[in-house]
């Protein structure tokens, strides 16, 4: 049987209901049923992680404006960071999978880490989840004294390094209601690539487009 006690020691959380932990580790290759693998818990954990990180940043950086907090938030909840935490917690060793190659998959590590957070939320409530996130993300928060550069700034810097024309943003459309609009903005780089971002305002849509462009050219 799985060594849940060892994993609980790594997680620094003792489950009242270990079935939640087991389910958070089951990949769909083993059991495709939605209520028997990690996917529903991952959906929950993704949201809980966001609230937990936002709460921590709000308390840790009381003088920072919303823009800086948003930049920090994005870096702490992105796939790469969550997968990094998953590797630190050795979640790959404890996954229940049909194919051993799955254990090192970054997307799966991210999903399982979020599923574990969802399981802890159900097992111990909001405070339990926030304590878990504080235990395993606090070092990452403390390590970055200055907020990370936003996607638009990074894209500008990459364009300069590659001797490309600066990114050009243009509004493609707007949908939704007057109170809940969705803006669609395209960004082109060097006159060759174009990707589209979406957001509740133009600034958010530009950041989304820049982030997608960074993914495309990386």
Handout entry: Breaking point among (1) touching a helix residue (DSSP H, G or I) at 6+ places or on another chain (Cβ under 9 Å); (2) under 19 Å from residue 37 (Cβ atoms), for residue 88
Key = (2)
Handout entry: Unmet criterion (only one of (1) in contact with a helix residue (DSSP H, G or I) (Cβ under 7 Å, 6 or more places away or on another chain); (2) modelled with pLDDT of 90 or more) for residue 147
Key = (2)
Practice task
Output the residues belonging to the range 44-66 that are surrounded by fewer than 16 Cβ atoms within 10 Å (Cβ to Cβ), more than 18 Å from residue 125 (Cβ to Cβ) and in contact with a helix residue (DSSP H, G or I) (Cβ under 9 Å, 6 or more places away or on another chain).
Solution key: 58, 60, 61, 64
Practice task
Report whether or not residue 8 is surrounded by fewer than 16 Cβ atoms within 10 Å (Cβ to Cβ) and either at pLDDT below 95 or not assigned by TED's automatic domain parsing to the domain that holds residue 113 (or both).
Solution key: no
Problem - Flag if residue 15 is over 24 Å from residue 139 (Cα atoms) and touching a helix residue (DSSP H, G or I) at 6+ places or on another chain (Cβ under 9 Å) - result: no
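The values are calculated or read from the model by the stated rules, or taken from the named source; none is laboratory data. It should be emphasised that the depicted structure is a prediction, and the values quoted were computed from it without experimental measurement. So basically every Cβ, Gly included, is an ideal-geometry build from the backbone, and we count neighbours across all protein chains shown.
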